[in-house]
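**Q** Submitted below is the structure of interest, expressed as structure tokens.
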Amino acid sequence: MPTSQVAFNLPPLVAGRIQPDSLESLRSPQLDNTFSARPLARESVVVSEFNDIALDDESFTPAKLSDHPEDDSEPEHSQLHNGSLNKPESEAITISELSSMGHRKTASTTTIRSLHEPSIALLMNRLDLQDDHAGRARGSVDGQLRLQEEFARLHEKEAKDQHVAEGTIDWDFWGAVISDYQGFASERPTDLARAIQKGIPATLRGMMWQHMAASKDPELEATYLRLLKETSVHEKSITRDLGRTFPHHDFFTDGQGIGQENLFNVLKAYSLYDPLVGYCQGLPFIVAILLLNMPDEEAFSLLVRLMTVYDLQGHFLPEMPKLQLRLFQFDRLVEELLPVLHVHFLRQGIKSSMFCSQWFLTLFSYRFPLDIVFRIYDSCLANGIEAIFGFSITLLKKNEETLLALKFDEILAFMNSKLLDAYLVLKPDVQSEGNDLRYHVDEFVNDAASLNITPFMLDSYRHEYEDLVRETNKHAVLIDELRSSNRSLSNQVKTLENSLAQLNEEHVEILNELVKHRLKTEEMEEELVRYKLLYAEAMHQNEDAKSSNRISLAQMMLNLKRGSGGQ
């Protein structure tokens, strides 16, 4: 159908809100056939002061989409997850509450649905859940109306463009999707899933991402504009990393610097919005992909949804708890689906963290071509963040034979530079330069979607990881208790040693006093002996004196007698 003849009618409520050219500035950046983005049509606008506004539309969970028919081969799995979907959700979840919660499933679905697993019932349960909470999502409804207005303007402009090839975009189909995404997903989930798997048109990708995540929120965008006026402690780190983010992409290296400015603004605003995460390396690549498809305030809103609803925040917390969990799940998937390669990695000492953590932290936006990255984001926003497992396993499976013939260093080098060569479009008449490389993107996406990764598998791996963490924590607690007991005993030993040293000092003092008393006693004894000798001598002299007196008296008496006799 020629583009100029396509007619798309918006709902009356939306049509009444449209003003001529009022939303042209909201149009997402356009990409050519090679997925290279043009600069945004406008810069950020800083408005007057805004009050603090928290994201209050936490009740939404995007719908899981799948084009696979229903199958009763795994009824227990379906019942398990359908039952979990019917649990009531809280009205509002703050950033701090999310960080304190245990493991929960991400947006769209608990896990990836396989080729043989029923998904229509899951989709209907998701949509029913969203309808139950529709009254609390006023901000999101207003945002969806704005997206519908933007689509109408975009459609009208494209219809007037005579250079647009006929049949490039099915405006009737995508117009019906954007006008009522939830209703369309409920009525035609298979058609929508197939369309997303084939690739969202580059012109509409930004709007569709916001629809799938329900991130269009004027209040959150107002919060973003308010945060731009504040100062973040992470500004130096953000500025340092700006030049490393897509340094060869025109949008981030043009003379005006609009791309880097918007990238800095979104990262700074989020570091203020979520102090638990603040700023972490890897975030610039995720934000850059969003900015290539939408203005900065919309990219900020979608980033908030990715971090909270899609459970990406756990990748960037200090301990990276969700990244550790998903790396464990990835290891178990490799062991289950690629056992020979798993054994080869063990023998070569290859750990998933050596190559896979980079994929998960940036959602493949580091080193991967943009046309592939955009399709990965399509799948993650439609099916949940667990879609990364399908793409990761597909890359290893496609290159399994090559990897089995490589050693440690060769494996790491291959992972960094040649992993996508298996999907490379070979063109003998063209040199293999970076700008000329093209890939079978559809084949890659279809291979990832065809993997039999069931929710039961991921849930069982999650339970294994939680049990392992609990055992590790028990061991850590025991070690902490032993260390605490050891510290207490060491303190007691030090106290006893100090007491012993004090007693030794007192003992020495007592011995010194005893020696002094003994010396004094000896002196007193010597003095006593001397006095005794003096006393004995005095007594002897006294006896001698008495004896002399008696002799003298006797002589006198004798003389007297003699004198009286002579007369």
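**Q** By accessible area of protein heavy atoms, probe 1.4 Å, what ranking do Ser379, Ser485 get, highest first? Spell out each step's value before the answer.
**A** Values: Ser379 25, Ser485 60 Å².
The most accessible residue leads, giving Ser485, Ser379.
**Q** Would you please give the FRET efficiency between Asp170 and His248, computed as 1/(1 + (r/R0)^6) with r the Cβ-Cβ distance and R0 = 45 Å, to the nearest 0.05? Write out the running numbers ahead of the final one.
**A** Numbers: r = 33 Å, r/R0 = 0.73.
Given R0 = 45 Å and the Cβ-Cβ separation, E is 0.85.
**Q** So, one more: Along the charge dipole of segment 321-453, which of Ser353, Leu437, Leu396 sits closest to the positive end, that is, farthest toward it, with unit charges on the beta carbon of Lys, Arg, Asp and Glu (+1, +1, -1, -1)?
**A** The one lying farthest along the dipole's positive direction is Ser353.
**Q** Any chance you could run the full-extension gain for His440 through Leu514? It's 0.36 nm times the residue separation minus the Cα-Cα distance, nm to one decimal. Walk me through the numbers on the way to the answer.
**A** Numbers: separation 74, 0.36 × 74 = 26.64 nm, distance 10.11 nm.
Full extension of this stretch gives 16.5 nm more.
**Q** Could I ask something else about it? Taking 0.36 nm per residue of separation and subtracting the Cα-Cα distance, what length does fully extending His475 through Lys198 add? Please report the intermediate quantities before stating the final value.
**A** On the way: separation 277, 0.36 × 277 = 99.72 nm, distance 4.89 nm.
Using 0.36 nm per residue and subtracting the Cα-Cα distance, I get 94.8 nm.
**Q** Another one. Suppose all protein chains stay in the model; what accessible area per residue would a 1.4 Å probe give for segment 507-567, in Å²? Walk me through the numbers before you get to the answer.
**A** Numbers: 5880 Å² over 61 residues.
Value returned for segment 507-567: 96 Å² of accessible area per residue.
**Q** While we're on this one: How high is the FRET efficiency from Leu468 to Val340, r the C-beta distance, R0 22 Å, rounded to 0.05? Please list the in-between numbers first.
**A** Values: r = 24 Å, r/R0 = 1.11.
Working from the Cβ atoms, E equals 0.35.
**Q** Calculate, for Met556 and Glu527, the FRET efficiency according to 1/(1 + (r/R0)^6) with r their C-beta to C-beta distance and R0 45 Å; round to the nearest 0.05.
**A** Values: r = 43 Å, r/R0 = 0.95.
Calculated value: 0.60.
**Q** Read phi for every residue in segment 405-422 and hand back ³J(HN,Hα) as whole Hz from Karplus 6.51 cos²θ - 1.76 cosθ + 1.60, θ = phi - 60°, with x for Gly and Pro.
**A** 8, 10, 9, 3, 5, 5, 5, 5, 5, 5, 4, 7, 10, 10, 5, 8, 4, 5
**Q** Does segment 321-453 come out rounded, prolate or oblate, given a ≥ b ≥ c as the square roots of the eigenvalues of its C-alpha gyration tensor, rounded meaning a/c under 1.5 and, failing that, prolate meaning a/b above b/c?
**A** oblate
**Q** Give me the percent of the accessible area of segment 455-542 that comes from carbon and sulfur atoms, probe 1.4 Å, all protein chains in place.
**A** On the way: 4540 of 7620 Å².
Carbon and sulfur together cover 60 percent of it.
**Q** Can you send over the carbon and sulfur percentage of the accessible area for segment 321-453, probe radius 1.4 Å, protein chains only?
**A** Values: 2770 of 5820 Å².
Reported share for carbon and sulfur atoms: 48 percent.
**Q** Can you list the residues, at least 5 places off or on another chain, whose amide H is less than 5 Å from the amide H of Tyr439, using H built in the peptide plane?
**A** Here the answer is Val425, since their amide H atoms fall under 5 Å of that of Tyr439.
**Q** Which value, in debye to the nearest 20, gives the size of the charge dipole of segment 321-453 about its Cα centre, when Lys and Arg are +1 and Asp and Glu are -1 at the Cβ?
**A** I would put it at about 440 debye.
**Q** Taking only pairs that are 8 or more places apart or on different chains, how many Lys pairs in segment 321-453 have Cα atoms under 16 angstrom apart? Can you show the working numbers first?
**A** On the way: Lys351/Lys407; Lys397/Lys418; Lys398/Lys418; Lys407/Lys418.
Here the count comes out as 4.
**Q** Ok, one more. How large is the charge dipole for segment 455-542, taken about the Cα centre, if only the Cβ atoms of Lys, Arg (+1) and Asp, Glu (-1) carry charge, to the nearest 20 debye?
**A** On the way: 11 positive and 18 negative charges, 4 e Å.
Dipole of segment 455-542, to the nearest 20 debye: 20 debye.
**Q** With just the Cα atoms defining each centre, how far is segment 217-246 from segment 283-355? Give it in Å.
**A** Each part reduced to its Cα centre gives a spacing of 22 Å.
The values are calculated or read from the model by the stated rules, or taken from the named source; none is laboratory data. The shown structure was predicted, so the numbers you read here are calculated from the model rather than taken from an experiment. Ideal geometry is used to build each Cβ from the backbone, glycine not excepted, and the neighbour counts take in all protein chains shown. Quick note on the areas: whole protein, heavy atoms, side chains included, nothing else; ligands and nucleic acids left out. Shrake-Rupley method; radii C 1.70, N 1.55, O 1.52, S 1.80 Å.
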